[in-house]
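Worksheet: one structure, shown below.
The values are calculated or read from the model by the stated rules, or taken from the named source; none is laboratory data. Everything numeric here is computed off the predicted structure, so don't read it as measured data. Here the Cβ positions follow ideal geometry from the backbone for every residue, glycine too, while neighbour counts run over all protein chains shown. Heads up: the accessible areas ignore ligands, DNA and RNA and are worked out on the full protein's heavy atoms, side chains in. Shrake-Rupley method; radii C 1.70, N 1.55, O 1.52, S 1.80 Å.
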Amino acid sequence: MKTKGIIIFILMMFAMSSALFAGGFALSGIGSKAIGMGGAFRGLADDPTAMYWNPAGLSFMNQSCVTLAGAAIMPSSEFTGLSKSVIYSGTMVPFDTLSSPGFAYNQKMKAEKKTWMFPNAFGVYSSESPLKFGLGAYVPYGLGATWDLYQTPDSMEVARHYYMHVVYPATMDKNEMMSSIGIVDIHPTLSYKLSDNLAIGAGISVQYGMIEIQKLKMVNAYIPMLLHLKGTGLGFGANMGVLWKATSKLQVGVSGKLPSIIKLEGDGDASVYLNNVIIGVPASSGMVKTDKSSATADVKLPADVGIGFAFYPVENWVVTMDLTNTYWSCFDKVEIEFDDTLNVTFKPEIPIKLKKVDLLTDWNDTFRFSMGTEYKMSMMAIRLGFYYDESPIADKSLSPTWPDTNDKMSGNIGVGLKFGQMDLDVNFEHIVFTDREIKTQTADNMIGTYTTSINAANAALTLHF
């Protein structure tokens, strides 16, 4: 490639990378071809998304190329709370046994409908040298959900039955629980061919995080507080891999990535919504107390390691399989520190001051099994894929704001078309989550039944030169 071509290639990549910040924790994967094969791609890694799956795969690419791609993800989530129950002292109890009131979940609700868009771009510079270079910009982590979850019991009706001091939450805001998380990874990658059959590769992750969370927390037995946090930040990580063409029919790939931390800076605010009904004391209806401060937080992203196999029964047919462990146990909590103490005290005898808030997660390590196949016919390729993936979220920290509600299975179908020096790849993915019922209340979960499914589509356009 001439010097002019190299300059154009670099400029195109930076232009496409900047566009990613207009888009949107781990997605199904990256790339229409790879996802169409169920994400069983570590042992194949034969397109630019090898930067994500197994960077060693770049060594066996004999053409330079640029890829523009994206995913559209459409989740459908439903939550059913326990019937005739309310929150009291941070615990869900039957309404009829309540000795002082709290606030109730709406009985059955669905998350707000939204389509999440995650664009990505890749470029590979190939020459006769055994050293290959690639640059990718993609979104490996992204989720979001918005819910209108809470309602309040009829406080005056309950108050008639109990002669005591009680405090009731006023009507909550609509859509009081939400999350929006997107991590963009700018990923320069090098791959080196050690021999005709063996290559190694590694990439550096420059991660830009955009996170917004709104969550209800109990201050004490009676008082709910709404925390709202929004911030952006940078983190750094790396991945590496080995690809071995063991025989003419079998390839084996091993790859993994290091853990990383996104250092967030942004703003936080806390609100206490109250309707005080204190027997013998004048009532103050609809009281709202809010305070704001700049804030910092660390979000930990997990390491993973996996092995993949690609087997060719005949020349134009490949069958792939991946086994992957992801070490989500690093995501034990999110610690938010406020620069200024948040003061949301509404009565002197009930001081509410916050300097630090821990959102407990305590997630678990997970295992994923993927299988896929591709059959090439002249200028067309047909792909099928499947994967089973465990959910990392523990019962004690599951709430509807995390769309990954349980273990899941995915069915995938895709097609690739060649038009001269151009490839078009598209696929459709349907993910079904096992229904999950949470019965034990903690301060960081919501008890009830979770039902989730996701439809997603991916498309990629690659130009070879």
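Averaging over all projection directions, find the projected area of the Cα convex hull of the stretch 310-384 and quote it in nm² with one decimal place.
10.0 nm²
How much length would be gained if the chain were fully extended between Thr80 and Ala443, taking 0.36 nm per residue of separation minus their Cα-Cα distance, in nm to one decimal?
Full-extension gain reported as 128.9 nm.
Quick one: 3J(HN,Hα) in Hz for the stretch 72-79, Karplus 6.51/-1.76/1.60 with θ = phi - 60°, rounded, Gly and Pro as x.
3J(HN,Hα) across the stretch 72-79, in whole Hz: 10, 10, 10, x, 10, 10, 9, 10.
Which percent of the accessible heavy-atom area of the stretch 287-400 goes to carbon and sulfur, probe 1.4 angstrom?
58 percent
What spacing in nm lies between the two simple spin-label points modelled at His430 and Glu112, each 7 Å away from Cα in the Cβ direction?
The two pseudo-label positions are separated by 2.8 nm.
Take peptides 25-35, 70-80, 332-342, 179-189 and line them up by average Cβ neighbours within 10 Å, highest first, as a rough protection proxy.
Going by the mean number of other Cβ atoms within 10 Å, highest first, we get 25-35, 179-189, 70-80, 332-342.
What is the gain in length, in nm to one decimal, between Asp298 and Ser127 on full extension, counting 0.36 nm per residue of separation less the C-alpha to C-alpha distance?
Stretched out fully, the Asp298 to Ser127 stretch lengthens by 57.5 nm.
Quick check: the distance between the Cα centres of the stretch 198-272 and the stretch 370-398, to the nearest angstrom?
Between the Cα centres of the stretch 198-272 and the stretch 370-398 lies a distance of 21 Å.
State, to one decimal in nm, how far the label point of Ser329 lies from the label point of Asn316, with both points 7 Å from Cα in the Cβ direction.
4.8 nm
Can you work out the FRET efficiency for the pair Tyr192 and Leu234, with r the C-beta to C-beta distance and R0 = 25 Å, to the nearest 0.05?
After rounding to 0.05, the efficiency reads 0.35.
List, in the order given, every pair from Lys114/Lys217; Lys113/Lys300; Lys113/Lys356; Lys215/Lys355; Lys114/Lys289; Lys292/Lys439 whose Cα-Cα distance in the structure shown is over 23 Å.
Flagged as over cut-off: Lys114/Lys217; Lys113/Lys300; Lys113/Lys356; Lys114/Lys289; Lys292/Lys439.
Students often forget the sequence filter, so: which lysines lie under 23 Å Cα-Cα from Lys418 once same-chain residues fewer than 8 apart are removed?
Of all the lysines, those that pass the test against Lys418 - Cα under 23 Å, at least 8 places apart if same chain - are Lys33, Lys376.
Which one of Pro313, Thr324, Val299 has its Cα pushed farthest toward the positive end of the charge dipole of the stretch 289-329, where Lys and Arg give +1 and Asp and Glu give -1 at the Cβ?
Sorting the options by dipole projection puts first Val299.
List the residues of the stretch 30-49 whose backbone N lies under 20 Å from a point placed 7 Å from the Cα of Val252 along the Cα-to-Cβ direction.
40-46
Which order do Cys65, Cys330 take when ranked by solvent-accessible area (1.4 Å probe, heavy atoms of all protein chains), largest first?
Cys330, Cys65
Dipole of the stretch 359-398, Cα-centred, from +1 at each Lys and Arg C-beta and -1 at each Asp and Glu C-beta, to the nearest 20 debye?
Computed charge dipole of the stretch 359-398: roughly 300 debye.
Whenever you get a sec, line up Thr290, Thr401 from highest to lowest accessible area (probe 1.4 Å, protein heavy atoms).
Ranked from most to least accessible, the order is Thr290, Thr401.
Which aspartates and glutamates have a Cα lying under 12 Å from the Cα of Lys193, excluding residues fewer than 8 positions away in the same chain?
Glu128
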